[in-house]
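Derivation of every value follows stated rules applied to the coordinates shown; laboratory data play no part. No experiment lies behind these values; they were computed from the predicted model shown. Note that each Cβ is placed from the backbone with ideal geometry, even for glycine, and that neighbours are counted across all protein chains shown.
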Amino acid sequence: MSLQTYKVPQEGEGFDLTPMIDVVFLLIVFFMTVASMLAAEKIDMNLAVAEESAIPKEIKDRATFSVLPNGSYYSGAKVVSESELSREMANLVKLSPNIKIVVRADKMAEHRHVNKLLSICAQNGINDIIFATYQSDL
């Protein structure tokens, strides 16, 4: 029978947590950045309430255009003029001929501004349009 010797760990030996802490901090920064970008995509507005509204099954491949009460237009979170709106839609159609649009119109926006947006969609051959509304609790 032989005796085994036990080696006492020296100071400095052991598991280094520094890389794991670095990864955790990078993940935190990543998720904070993504969350701020998602919040920047939406414009605060009062949408109309629709009793028969439904959440579309597939909304991921849609471009969003918004109309505010003062008649200003937004593409995503970027303010655009009527001429820029037409150019942007034309570019979207070139990139994706079957582009789908979500129209977010403030309930106080005049219909002529919404109608202008729909006319620009029609001029560019876009006919798959969803209007964003709040769902009624009824």
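Report the local net charge at residue 80: Lys and Arg +1, Asp and Glu -1, summed over other residues whose C-beta lies under 13 Å from its C-beta.
Here the count lands on 0.
Based only on other Cβ atoms within 10 Å, what is the fewest-to-most ordering of 28, 126, 55?
So the ranking, lowest neighbour count to highest, is 55, 28, 126.
Tell me whether the stretch 49-135 comes out rounded, prolate or oblate; compute the Cα gyration tensor, take square roots of the eigenvalues as a ≥ b ≥ c, and use a/c under 1.5 as the rounded threshold.
oblate
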